[in-house]
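**Student:** So that we are looking at the same thing, I have put the structure below in structure tokens.
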């Protein structure tokens, strides 16, 4: 226990630096956008107190209660996030195919929505920070877009170097950021203490009933105060639930509340401050330092989202929702620090498009929110399965609790759906494209494996005839995606080369519904006789396969391997369309394109290229 307590300050500092970047930079634009966005509100006392009360109780209900208190209990062996939750719920619903199909679709949709969120967050965060230059001098206005592009370009270009070095500075910078948020907010509250009346939920209720339609539209901007709430759950595996909870309740939450109420107090005192409530909260002498600090904070917030996108891409590959792609480990100490080039540059191009297309953080706010509220709604549905099937909570508790959360989530989602014409179409479009790619690859792989399994020859036939085939020295490892039957590469080797090796290993890689697999559970070896072995290698969905490293464990099973006398045989499937395809034509074409661009299996599994023999096989799906 003492070791945990000693590490706790370090973990809390790390959590403050990484986990809270997104929600911590929301004060830059959330309150201002609520009054000046697509559905502007008059800057009067009733609206100021009503909006602040709505923001406060939304943060308390959806972040403090829903995510920090309840959902963070639903860890998958310590890991969180939509795909980790999907893996957990899939495990729980394995006996009911229909429910499993539903939760899989929801989990994939949540991951797809995250990609849209991951594109908007860097654009709106950095843009809103750099816009503070306009307050320093209107002459700087023409430099806002170019500077935003420079900052974002630098951010995406350093990804390939890894974020460990930059990450060391994240915690202290974000501590200074939150101290400034709380400090400037508190000073403003002292000038107009009547703003604290907004802590009373009655003001939120009055705001909602005064003009239901206007207040409903305002919810689309009020929800910006909780963007980044999902990150608390998604990054749980890096820091643990307790450091995140400590940082949230004792430091981040008070700083955010003080800042929002400080902005409200400023508006009560000076309604014209709505021009930029965040920066006008600071004294004139602190304006330039705050612009620099805000830019640093938004870069950190963007970094957290980019890292999250890398993690989602990696999990999607391991769980069979995306084709194999290059994934680089950027740290030999931290397993979660990875770099995915394709994801990085796709995000970069999308972020630049958003900056130039929307021009300002106010315009971008219309695109923000729908992905966040969509993901939150899906998370509520999925956590209900955990409450019932895993925690075994009483229906008397689950039904009212889920009903309150679901109605709240769906109301915020509906309010954001009203912003689809103003920009909400972008995250929806990205989510539709991502969902289509993820599900098409998963479906195509299922059809491919079914066809491979149908064509496979029972391994017993090969074993029965093994004594009649010439043998050559060394070990042959045949990678196969099917659990039974003879791999096509083995049959091709016998047919064309008319030989077998001294030892023949049928190797299958299996990704389990848990984030990590312990070394003791990494391998399973079955001796099939006549020097044939079936080896299964198990990985978690957070791990990156390294077959040569895993095969070193074969020695403990009495199967020592010398890589210099071992050959890896890999079947390269040449997929063609069958007369009766298992998917619609356009999805089949998409699968073929994805398949042709998938990373080479040898490179993905880190097999030495000089030990690989590829054999082609034609498969119709």
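The values are calculated or read from the model by the stated rules, or taken from the named source; none is laboratory data. Everything quoted here is computed from the prediction, not taken from an experiment. Using ideal geometry, Cβ is built from the backbone for each residue, glycine included, and neighbour counts are taken over all protein chains shown.
**Student:** Residue 40 - would you say it is free of Cβ contacts under 8 Å to residues at least 60 places away in the same chain and either under 17 Å from residue 369 (Cβ atoms) or crowded, with 21+ Cβ neighbours inside 10 Å (or both)?
**Tutor:** yes
**Student:** Identify all residues within the stretch 484-502 that are in a strand (DSSP E or B) and free of Cβ contacts under 8 Å to residues at least 40 places away in the same chain; write none if there are none. Lay out the reasoning, then the answer.
**Tutor:** Within the stretch 484-502, the subset in a strand (DSSP E or B) is 486, 499-502.
Listed by number, the residues that qualify are 486, 499, 500, 502.
**Student:** Hey, among 182, 228, which residue is touching a helix residue (DSSP H, G or I) at 6+ places or on another chain (Cβ under 9 Å), touching a residue at least 24 places away in the same chain (Cβ under 8 Å), buried (at least 16 other Cβ atoms within 10 Å of the Cβ) and on the phi > 0 side of the Ramachandran plot? Before you say what the answer is, go through the steps one by one.
**Tutor:** Numbers: 182 fails: on the phi > 0 side of the Ramachandran plot.
Going through 182, 228 in turn, just one is touching a helix residue (DSSP H, G or I) at 6+ places or on another chain (Cβ under 9 Å), touching a residue at least 24 places away in the same chain (Cβ under 8 Å), buried (at least 16 other Cβ atoms within 10 Å of the Cβ) and on the phi > 0 side of the Ramachandran plot: 228.
**Student:** Which one of 193, 271, 201 is more than 24 Å from residue 39 (Cβ to Cβ) and in the same structural domain as residue 18 (by TED's automatic domain parsing)? Break it down stepwise before answering.
**Tutor:** Working: 271 fails: more than 24 Å from residue 39 (Cβ to Cβ); 201 fails: more than 24 Å from residue 39 (Cβ to Cβ).
So the residue among 193, 271, 201 that is more than 24 Å from residue 39 (Cβ to Cβ) and in the same structural domain as residue 18 (by TED's automatic domain parsing) is 193.
**Student:** Suppose we filter 302, 307 for residues that are touching a strand residue (DSSP E or B) at 6+ places or on another chain (Cβ under 9 Å) and either at pLDDT 90 or above or within 30 Å of residue 434 (Cα to Cα) (or both); which single one remains?
**Tutor:** 307
**Student:** From the list 123, 84, 74, 112, which one is touching a strand residue (DSSP E or B) at 6+ places or on another chain (Cβ under 6 Å) and either within 28 Å of residue 198 (Cα to Cα) or touching a residue at least 24 places away in the same chain (Cβ under 8 Å) (or both)? I'd like the intermediate steps shown before the answer.
**Tutor:** Details: 123 fails: touching a strand residue (DSSP E or B) at 6+ places or on another chain (Cβ under 6 Å); 74 fails: touching a strand residue (DSSP E or B) at 6+ places or on another chain (Cβ under 6 Å); 112 fails: touching a strand residue (DSSP E or B) at 6+ places or on another chain (Cβ under 6 Å).
Only one candidate qualifies: 84.
**Student:** Taking the stretch 452-472 on its own, how many of its residues are farther than 19 Å from residue 507 by Cα and touching a residue at least 60 places away in the same chain (Cβ under 8 Å)?
**Tutor:** 1
**Student:** Answer yes or no: is there a residue in the stretch 558-565 that is crowded, with 18+ Cβ neighbours inside 10 Å and either assigned to a helix (DSSP H, G or I) or outside the structural domain of residue 520 (by TED's automatic domain parsing) (or both).
**Tutor:** The answer is no, given that none of the residues of the stretch 558-565 is crowded, with 18+ Cβ neighbours inside 10 Å and either assigned to a helix (DSSP H, G or I) or outside the structural domain of residue 520 (by TED's automatic domain parsing) (or both).
**Student:** Having 2 or more residues that are within 31 Å of the chain's Cα centre (by Cα) and more than 30 Å from residue 110 (Cα to Cα) is the bar; report the helices (runs of 4 or more DSSP H) wholly within the stretch 230-292 that clear it.
**Tutor:** By residue number, 253-269, 277-280.
**Student:** Mind checking which helices (runs of 4 or more DSSP H) fall wholly inside the stretch 385-467 and carry at least 2 residues that are touching a strand residue (DSSP E or B) at 6+ places or on another chain (Cβ under 8 Å), over 25 Å from residue 59 (Cα atoms) and not assigned by TED's automatic domain parsing to the domain that holds residue 115?
**Tutor:** 425-455, 459-465
**Student:** Any idea which residue in the stretch 242-252 is farthest from residue 14 (Cα to Cα), counting only those that are surrounded by fewer than 20 Cβ atoms within 10 Å (Cβ to Cβ) and touching a residue at least 60 places away in the same chain (Cβ under 8 Å)? Spell out the reasoning first.
**Tutor:** As a first pass, look at the stretch 242-252 and keep what is surrounded by fewer than 20 Cβ atoms within 10 Å (Cβ to Cβ): 242, 245-246, 249-251.
Of the ones still in play, those that are also touching a residue at least 60 places away in the same chain (Cβ under 8 Å) are 242, 245-246, 249, 251.
On the way: 242: 12, 245: 13, 246: 12, 249: 15, 251: 13 Å.
Selected residue: 249.
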